[in-house]
Every structure is written in C-alpha cells, then in structure tokens.
Amino acid sequence: MNSRVERKKNKIKPYLLTVCITMVGIGGISLFLLLHKKDNSSQVQQTADTFIRILENKEYGKLGDVLEKQSYQSAGYTLKDVINKYDHIFNGINIHDIHATQIRLKKLNNDEQELSYQLSFTTPLGRLNNLHYHTKLIRTDSQYTVQWKPSLIFPSMEGKDKVAFHQWNAERGEITDHLGNGLAVNADFKEAGIVPKDLSQGNEKEKRIQTISRQFNIPVKEIKQKLNQGWVKDDLFVPLTIMEANNAEIVPGISYQNTKLRFYPLKEAAANLFGYIGKVTKDDLDKHTDLKEGDMIGKTGLERAFDQELRGKDGGEIIIVDESGERKQEIQKIEKRDGKDIKLTIDAYIQMEAYKYLKDKPGATVVMNPKEGGLYAVVSSPSYDPNKMVQGISEQEYKKYANDKNKPFISKFSLGYAPGSTFKAITASIGLDAHVTYPDKVRTINGLRWKKDESWGGYSVTRVSNVQNVDMRKALIYSDNIYFAQEALEMGEKTFRNGLNKFIFGEDLDLPIAMNPAQISNHQSFNTEILLADTAYGQGELLISPIQQAAMYTMFQNEGKIVYPRLLDMKGERKTKSVITNATANEMKKILKEVVSDPNGTAHLLNNPQHRLAAKTGTAELKMQQGQQGDENSFLLAFDI
C-alpha cells in the first residue's frame, strides 16, 4: 500500500514539475514580449524627440546620433555634407525661432514607423508657418534611426538641390525742399580699400602703406590693424574709407568698389535739422523686432523722426534651385517696399544763406512763412558734417565736435531761452486787450533803476536809456524794462497770466522736432511781484525756443491769430489760434515798424527804404544774482509788412 502511494507520488511530482515549468515558460515569453514592446516604443519616441530637438535648437553637429547612415549615403551625401547643408541654409540665411508641432508616430511594421511633423520658423522675410514633413524611423541593430532625405530640409528638395536666398533692399525715401531740391538723398560713392596681394612685398609694401596713409589721412597703425583682421585673405577687399565718386584717385595698392550711401548736400547748414542715419545697435534690435542686423536707421533729427516712412521694407525670396542653379520652387517671397519721399517746407537756398550768415557763431535762425506756417529755414550753429557720420568719422574728428564748447550737436533752434525784450511786444499786446496799456499812456520814470518799494529789498529793475516820459511807443523803441514791469504790476498776475494762457505756452507743437513746450514760469503762480515784473520784459522763468518765438509773432500779420509752424509741405487748412484782437495786432505792427525806422529804435540797423520791416530785439542776461556779470542771449524777431 505504501509503495503505490509512493509511486503515485513519484508519478505526480514529475507531472506537477512539468506543468510548473511549462507555466513559467509561457509567462516568461509574455513578459519578454511586453518588455520588448515597451522598449521599442520608448526607443522610437526618444529618437523622434532627439531629432526634433536638434532641428529646433539648430544642433546639427548631433545629427550623426539619429540619422540612418545608409539613407544619406545612398542620396550621395556624407554626414559632414548633411551637417554643412543644414548649417549653411538655416544659419546662413539666419532662420531662427524654429518650432515643431503636430508631431506624430505611426507604426508601419515591426521595424518601421512613420514620423510626421510641421515646422514653423522665422526667416529674414518673416514668419513661415506649418511646413509639412514626413520620414521613417527604421530599426537597425536594435536601434531606431531617422531615414534622411533632402526633403527633411525643405519639403520639396531632392537630390543635390540647394536653397538660394535673394534679398532686395528697400531704397530709403529721400527728403526734399518745397522746390524738390534734395536735402537727404541716396548717392553713388566709392569705397576705397586694399586687396592685400596688391601691396607687393617687403619695402615696396611698406612704401605703399605709407603713401595710402598720407593720401587718405589714415594712420599707418590703423591701416595695419585692418589688414590684420582674422577674416582677411590675400585676395579679399579690405575696406578703408568712403568718398564721393569724383574724389577717387589712382593710388598704388588701392582698389575701389561702388556703393550707395545717404548724402546730405547742405552739410553743416542743416545737420541739426536732418540728422543722419547709421547701423542698428543691439539696443535698436532689442526694441524693434522689425529690424535686423546691418539695417540702417535714422539716428537723429528728421531721419529719426520719419524713419518708419523713409525706411520702407526690404523684400526678397527663398527658393529651391537644382544643382546647376536653375530655379525649381519658391519657398517664400516678399516684395520690397521702397521708403516714401518726404517733401518739406524748407527752402534749401534760404537754409544755406541763414547758416552762412551765422558764421559759425553759436546761435539759431528760424525763417517762417507767417501766413501759411511753413518753416523755410531751421538753422543751428555751429554744426557738424552729417556725411562724416555716414561715411565713417575718425575718432579725432568726433572728439573735436564733442569737445567744442559751443556744442555743435545741440539743436539750438529747439532749446528754450529767456526771450528778453522781444517779449515786450507780447506784454504790450496783452495790456492793450486788457485796456490797461494804451499807446498814449505816459509813465514818468526817473533814472536807470526802479523798484516798487522796500519790500523788494536790494532788487531793482534796470533799463538802458534814461527817458523820463515814456509811452508805449517809446517803451518799445527804447526797449524800456521799467515801463513794462510797471504795466504788468498794474495788470496784476491774474490778468497778465490769463492773457499769456491764450498763447501756445504748455503746448506740444505738431513738429517732428524734439522740443519742450514753451514755459511761462516754473509753477502755476509767479509767487512774487518781482517774478511778475521780470516776466513782463522777457526774463524771469520764461523759456521759449526760437521756433516758438517765431510762431508767436505771426499774430501781428494774421489779425491777432497765431499760425502754427509746420515742416511738411502738405495741402490742407492751416492751423491757427486767436490770441489778441485785430485792432491790437494792427497797432503793434505799426509801432514795431517804428522800432526799425526810428533812429533811436533798437532795430534801426535793419532800416532800408527798399523794404518795409517791423522788428523787435531782445537780450536776456544769464546770471546767478543781480549785480553779477553774466552771459547774454540776444534775439531779433523781424517780419515784412
């Protein structure tokens, strides 16, 4: 009995053992297949992710990690060829901000999966969106790699196709005067440079460099620095300087190339008005996404104010060409849009003459059409040559400008100054309209100094001419400070300031010129009678630019209306503002004519029987306190009647 059991046991054990082994075998195969499937899926995803990351980050040196070797070799490429092709196209054309979307994997069989995706990126011509790509991921040696083909660069590429980028630079718009004369134009120039192999060798080379240095006023050290730049090769052109085409002379070792640059025919006479253009800086690129490296933009003056209109927009095309350069397909194309030409009210002849007569002395001249508001000349002196800024200014030349105590880079026509006695015509006009001042009203004034009372302490108003009985006519002819101080005190601050508020104080004029609004005083109230009195004869805290002064004086020729100044030569209604009555304007015009015609008038030097001029002079002394000697600003406002 026991032996059967044993046998049974013996029989059962192998049976159970066999079953156990069988079960383990089946479970192991299932687990192996599950793990293998998971591993394959992970490998495929990793390869796809790596490839996409390489494309987005332009890490083309890593392509060898993911590309199938046979795929690019069968297309006639080495790995280096593929890397270089991506680099030359995407970095050479400056394609950036690459972003992949719609990334999908689809299993084709056990060894192949399809990868599809879309790429969007920015080229110099703008954003290119949703280009469709597809390829295969192939398993070789237990690893998935990307089957490469030229269409993975651009979808339509094949074989040894290339990508060509043609850029069409927009022509910058030109600025002209009202007669069409060029003020800021595009002109042909010559760029002088050296092709190193043309310098010869040894002593002859040194002699030629010395000659070039003398001829073009460039230090030998600077020439050699340019020749020793890392990119220089024997047969490459090394630029030295730019000059007007008719100044190009034959010099041994020098070659010339044609180039087009901005040119300012009026040179110093209009530099502070027009400014100049220059290459964009990093700050420019950070602030303006529409700019790219190498662009030229307006740096100062009207070139800067009208930069958007003048610059236009570059165009170009990116195309696929075959191995021989024949056009196959257009990838992207943007037509260029040349900049707009801008016509100004400026008159080139008047601008030149106005600058010439300043004779490099510090000052400004503004010539304005008092009826229409057009500015014929806007001049600041001394000045600088804006052509040097465009063609390349030497450090020595720039320092000379920068260190000039008379500030050639400052636009004096837009700075605020105390207007001095020219302001008396405005005070008189306000007094007439307020019925405080009138032509025959006489004030008895003794001596050259006056103060209201002892509350003024040691301060007093001074004048130049000791005229005892002064009416408004004499006060303007002799330019009597005391008369107008007394008139303002009689008017009182409220009446006087209300009259001033009718003018353009505090207003931003519609001009493409950086300029602070005209100012009556630092605060909304004069606070002291002394400041009220000083303001009446053009001092105190008044700040008015030459352009603003010219605009205010247009009221005398326009029945009491100020005509706003303008620079753009455009048809349309002039902008005006009534500030005094017609009767007051006519009365003032008559008296300002006498300031010229009367032998005692401060503007009598302008008297000429052939011309009927009205004028007022003004001098404002700049000093810290009364009794000190200070610098003076002198003004002359004149108009024909």
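The values are calculated or read from the model by the stated rules, or taken from the named source; none is laboratory data. These numbers come from a predicted model, not from an experiment. In this analysis, Cβ positions are derived from the backbone assuming ideal geometry, glycine residues included, and neighbour counts consider all displayed protein chains.
Tabulated data
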read-out	value
Matching entry among Thr528, Thr495, Thr581 (being surrounded by fewer than 20 Cβ atoms within 10 Å (Cβ to Cβ), under 30 Å from Asp453 (Cβ atoms) and in contact (Cβ under 8 Å) with a residue 60 or more places away in the chain)	Thr495
Subset of region 457-479 (residues that are small (Gly, Ala, Ser), part of a loop (DSSP other than H, G, I, E, B) and touching a Lys or Arg at 6+ places or on another chain (Cβ under 8 Å))	Ser460, Ser479
Candidate set from region 557-578 (those that are touching a helix residue (DSSP H, G or I) at 6+ places or on another chain (Cβ under 9 Å) and without any contact (Cβ under 8 Å) to a residue 24 or more places away in the chain); member that is nearest to Arg497 (Cα to Cα)	Lys561
Members of region 294-326 found to be without any contact (Cβ under 8 Å) to a residue 12 or more places away in the chain and either of a type in the set (S, T, N, Q) or within 13 Å of Phe165 (Cα to Cα) (or both), listed by number	Gln308, Ser324
Flag for Trp168 being touching a Gly at 6+ places or on another chain (Cβ under 6 Å) and not assigned by TED's automatic domain parsing to the domain that holds Pro239	yes
Residue within region 487-509 that is within 48 Å of the chain's Cα centre (by Cα), farther than 30 Å from Gly374 by Cα and among the hydroxyl-bearing types (Ser, Thr, Tyr) present	yes
In region 108-125, the residues that are farther than 18 Å from Ile320 by Cβ and either not in a strand (DSSP E or B) or not charged (D, E, K, R) (or both)	Leu108, Asn109, Asn110, Asp111, Gln113, Leu115, Ser116, Tyr117, Gln118, Ser120, Thr122
Those residues of region 247-262 which are farther than 21 Å from Ser394 by Cβ, touching a residue at least 40 places away in the same chain (Cβ under 8 Å) and either loosely packed, with under 13 Cβ neighbours inside 10 Å or in contact with a His (Cβ under 6 Å, 6 or more places away or on another chain) (or both), in sequence order	Asn258, Lys260
Residue in region 391-408 that is surrounded by 18 or more Cβ atoms within 10 Å (Cβ to Cβ), under 18 Å from Gly540 (Cα atoms) and not assigned by TED's automatic domain parsing to the domain that holds Ile297 present	no
Residue in region 421-438 that is in contact with a Leu (Cβ under 8 Å, 6 or more places away or on another chain), surrounded by fewer than 23 Cβ atoms within 10 Å (Cβ to Cβ) and closer than 23 Å to Asp598 by Cβ present	yes
Residue that is in contact with a Ser or Thr (Cβ under 9 Å, 6 or more places away or on another chain) and surrounded by 14 or more Cβ atoms within 10 Å (Cβ to Cβ), where the choices are Glu244, Glu268	Glu268
Exclusive hit being at positive phi and modelled with pLDDT of 95 or more, set Gly560, Gly601	Gly560
Residue among Thr554, Thr584 that alone is in contact with a helix residue (DSSP H, G or I) (Cβ under 6 Å, 6 or more places away or on another chain) and either under 25 Å from Ala364 (Cα atoms) or part of a helix (DSSP H, G or I) (or both)	Thr584
Residue match in region 503-516 (condition: hydrophobic (A, V, I, L, M, F, W, C) and more than 30 Å from Leu568 (Cα to Cα))	no
Among (1) touching a helix residue (DSSP H, G or I) at 6+ places or on another chain (Cβ under 9 Å); (2) modelled with pLDDT under 90; (3) not small (Gly, Ala, Ser) - the single one Leu266 does not satisfy	(2)
Filter result for the condition that a residue is in contact with a strand residue (DSSP E or B) (Cβ under 9 Å, 6 or more places away or on another chain) and modelled with pLDDT under 90, over Gly294, Gly278, Gly298	Gly294
Flag if Gly540 is in contact (Cβ under 8 Å) with a residue 40 or more places away in the chain, surrounded by fewer than 24 Cβ atoms within 10 Å (Cβ to Cβ) and on the phi > 0 side of the Ramachandran plot	yes
In region 59-77, the residues that are touching a strand residue (DSSP E or B) at 6+ places or on another chain (Cβ under 7 Å) and assigned to a loop (DSSP other than H, G, I, E, B)	Val66, Glu68
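So that you can scan it fast, the table gives a plain yes or no per residue for (1) of a type outside the set (Phe, Trp, Tyr); (2) under 30 Å from Gly316 (Cα atoms); (3) touching a residue at least 40 places away in the same chain (Cβ under 8 Å):
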{"residue": "Ile350", "(1), (2), (3)": "yes, no, no"}
{"residue": "Val378", "(1), (2), (3)": "yes, no, yes"}
{"residue": "Gln391", "(1), (2), (3)": "yes, yes, yes"}
{"residue": "Lys405", "(1), (2), (3)": "yes, no, no"}
{"residue": "Pro419", "(1), (2), (3)": "yes, no, yes"}
{"residue": "Asp433", "(1), (2), (3)": "yes, no, yes"}
{"residue": "Pro439", "(1), (2), (3)": "yes, no, yes"}
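Matching residues to (1) assigned by TED's automatic domain parsing to the domain that holds Lys388; (2) surrounded by 15 or more Cβ atoms within 10 Å (Cβ to Cβ); (3) of a type in the set (S, T, N, Q):
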| residue | (1), (2), (3) |
| --- | --- |
| Pro155 | no, yes, no |
| Ala192 | no, yes, no |
| Leu199 | no, yes, no |
| Asn203 | no, no, yes |
| Ile209 | no, yes, no |
| Lys221 | no, no, no |
| Gln225 | no, no, yes |
